[in-house]
1. So which residues in region A:83-102 are free of Cβ contacts under 8 Å to residues at least 40 places away in the same chain and among the hydroxyl-bearing types (S, T, Y), if there are any at all?
2. Checking B:L426 against (1) more than 14 Å from chain A (Cβ to nearest Cβ); (2) free of Cβ contacts under 8 Å to residues at least 12 places away in the same chain, which single condition isn't satisfied?
3. Across region A:41-65, what is the number of residues that are assigned to a strand (DSSP E or B) and hydroxyl-bearing (S, T, Y)?
4. Quick one: is B:G349 modelled with pLDDT of 95 or more, on the phi > 0 side of the Ramachandran plot and more than 14 Å from chain A (Cβ to nearest Cβ)?
5. Among the residues of region A:357-369, which ones are crowded, with 21+ Cβ neighbours inside 10 Å and over 15 Å from A:H36 (Cβ atoms)?
6. Can you report the number of residues in region B:372-384 which are modelled with pLDDT of 95 or more and either within 14 Å of another protein chain (Cβ to nearest Cβ) or in contact with a helix residue (DSSP H, G or I) (Cβ under 9 Å, 6 or more places away or on another chain) (or both)?
7. With region A:198-299 as the region, which strands (runs of 3 or more DSSP E) entirely inside it contain at least 3 residues that are within 28 Å of A:W161 (Cα to Cα) and not acidic (D, E)?
8. Looking only at region B:286-334, which residues are within 22 Å of B:A265 (Cα to Cα), surrounded by 18 or more Cβ atoms within 10 Å (Cβ to Cβ) and in contact with a helix residue (DSSP H, G or I) (Cβ under 9 Å, 6 or more places away or on another chain)?
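The values are calculated or read from the model by the stated rules, or taken from the named source; none is laboratory data. Predicted model, so just to flag it, every value in this text is computed and none were measured. As a convention, Cβ positions derive from the backbone with ideal geometry for all residues, glycine included, and neighbour counts pool all protein chains shown.
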Amino acid sequence: MHAIKFKNLVLAMLTLAVNVADAREPKGFLETIHHHITLASTVADNGDDNPYALIVAPVSAGKIHKNDVLMDNFNRISNLQGTGTTIMDYNPATKEITTFADLPPNVPGCPGGIGLSTAMVMLKSGWVIVGSTPSTDGTTRTMGPGGLLVLDSNGNLVETWANTNINDPWGNIAAIDNGTNAILFVSMAGLDVPGPGVRDPQTGRPVIVNKATVLRIELSIPEGKPPVITGQTVVANGFGQRADKDAFLVGPTGLALGLNDTLYVSDALGNQIVAIPDASTRTNSAGTGVVVTKDGLLKRPLALTTAPNGHLLAINALKGQVVEIDPASGKQLYAQWIDADQAQQPPGNGDLFGIAMTPDGKAFYYVEDDMNTLMEAMR
Amino acid sequence: MWILFRLLCLVFVAIFSINTAFATPPTLTASQFQPTTNETISPFGFVNGISRSGYLLGDLWGLRPWLSQYGMSLNISETSEVLGNPTGGVHHGADYDGLTQMSLQLETEKAFHLYGGTFNVSALQIHGRNLSADNLDSLQTASGIEADRATRLWELWYQQKFLEEDRMDVKIGQQSLDQEFMVSQEALLFVNTMFGWPALPSYDMPGGGPAYPLSTLGVRLRARPINSLTFLGGVYSGNPAPDTNPDPQKANPSGVSFPMDGVLAIAELQYSYPSLGSMVSADQSSSLSGTYKIGAWYDSLKFADNAYNSISEHQGNYAFYAVMDQMIWSDPNDPDSDRTINFFARAMGTPLEDRNLLDFSMNAGFTFHEPFRNRDDDTFGIGMGYAKVSNGIADYDRDYNLNNPGSPVPVQSGETFVEVTYQYALTPWCTLQPDFQYVFNPGGGLPNPNAAGQRIKNEAVIGIRANIIF
């Protein structure tokens, strides 16, 4: 009798323990993040500032060590947007930050000059590809179509890609990298965008041009030679894009690959995340894709990354928050303030841009372009 | 001249490399300065992009990038304004006044690979005349840049961050307390002095306190035990100027007297929402940000007694204060907008009426960011200030009248003003700010020296201020 009671008691305790464990199971990734550490200033030796792109090196090559964090600067020291020419390299092991590349302000084959954008990737073969969305007066009035620049792992420019499909590469690059070949997804957000002085009479804001695209670029990477473009397909188009006095340009900015060959795109002006199915194989454009989630906690979503649980993390431009989204259900779980600086209103407004997961998937890097700092958000 | 400046900068780097293990600043050679852009090499290159540049003079012909490689940044700005009083005051008229500020900062991370260190030196060039002194005789002076004409050192300090997540930092050196203590972020929009450094310490602290254009030696600790709470505490010299002249600015005319006299201790606790790392659930309505501060200060020096014909002194002085900045509205109808309305208030009081001119002062007001759609960087503000003359001073006036029945003076009470202002962002480096103030009971009821037996009449002040960042 007593033995049965004792057994029941043990079972009840085990059940309770399991339930408690279930209750403590995090429903998402962001709630596990509790610390936000300033790692380094991202200001270059020449004074370039306003960090946009943020990636983690997949391999060691040349000056870059595996797991280094690369960031580029969009502004020259006078704070003119679309004129930054530098890529910074932060080494988490030594905590040192160095200038990886300092490009000249004008490069043959890159129309409009150099203004390094959020588009950047490092391939396993060691090549670094970075986008230029250039301007000469800090506005889209003088914006050129720019291009994609290929750098070797020592920061030397070796190739420039510019063609009719490549028009102001803007958002963070999503990539499928198989070593000898790779597929890149790059958003293009500059086609026919006038200067910020050209206003929509209805809204009074700079006119919106629904011509932004997402371009798939297929690469072949010969041994010891720069990658070669073997194919280009516009897999999405029709996104809104417009000039912005403070942010230079607003358009599709975040790209992240999910399950089932789905590409997720942050449509900043639409204040939504959309899905592009069959991203690596489709032969036509999916238009503006399928809406995954819209509004709610989103406040002009920018860069995207994928957490280990498969959820999307979207940076908000107009509020210092990152939003976690379950792409399967389209549910927004919650947001976390990662920049609560009340010098801006709302706090952190306009400060955030790039985001990248750390290699162990337990934390993420982000940049604050008001302070020009590289940050790490961790457990 | 430019070469001389570069050499000075190099000396600056060298000085602060002493005793630093990492200190090996590169020596200056002509080849290190290589202009690379049109902005740098053309005398008028800065004109390109002038409408969106952060500075009127762009990269200063390559000087800014050159400094940047050593972790240094240079800021030069000019504030110029014309203010006039068409009604009230002791005279009518208008005055021009201006302030040129220059600061040089060095980040030790870049200069010496020492994380979290900042060295700062700043100087002021104050020019023009003071409307408040010339025409108004108000307690709450009309402009925050009014000061004696001078060229003076302002701040000279080193700050070092400590602990994980930068949870503590220490600042040591010559500091101006109005840059960190008692600050209402939203109140800084306004032109009147008392939206910056409040009225009570301006009159009750020795020398007006270590605030613009003065500063004082001391040590300040800032700690953030949890992200929503910040503690700020400092110990400074009790007087920013030596007792050699009744006018503290004349007693310390260049800002290099570095007097050490008594102790000023100040502490402030700050609460802010949202805090870094706080979570927002999907169904949570958007909450509005805010900052709340409480603090107190104590000065150990001796203070003269307010009583009529008294020659006694009191040991020490103190006051308590509270500050709030609260967003009260954020445009819900336009997700692509950052239009907000904020309320701010600040109050400070002391029970020590026997030694202080003021026993209470306060400010309050509203600011409206982007008041007109698509004027993102404009701000409209309406605010007020009140300064109450202490009963000790009022009793002095009464006793004076009892003892001097033939030449009575008005018994001072309080002074109130309202201000309406609009800051128009012409470019990122230039703002224009038309301003209107109206002062009730100027000086708390001071007699008008130009009209026997009358108090100074209420004053209307109008003007315009321009801020330019070079």
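1. A:T85, A:T94, A:T98
2. Answer for B:L426: the failing condition is (1).
3. 2
4. Working: modelled with pLDDT of 95 or more: yes; on the phi > 0 side of the Ramachandran plot: no; more than 14 Å from chain A (Cβ to nearest Cβ): yes.
Against the criterion (modelled with pLDDT of 95 or more, on the phi > 0 side of the Ramachandran plot and more than 14 Å from chain A (Cβ to nearest Cβ)), B:G349 does not qualify.
5. Passing the criteria: only A:D369.
6. First, pick out the residues of region B:372-384 that are modelled with pLDDT of 95 or more: B:378-384.
Remaining after also requiring either within 14 Å of another protein chain (Cβ to nearest Cβ) or in contact with a helix residue (DSSP H, G or I) (Cβ under 9 Å, 6 or more places away or on another chain) (or both): B:378-381, B:383.
Qualifying residue count, region B:372-384: 5.
7. Counting at least 3 such residues, we get A:209-220, A:228-244, A:248-250, A:254-257, A:263-267, A:272-276.
8. Residues satisfying the conditions are B:W297, B:D299, B:L301, B:F303, B:N317, B:A319, B:Y321, B:V323.
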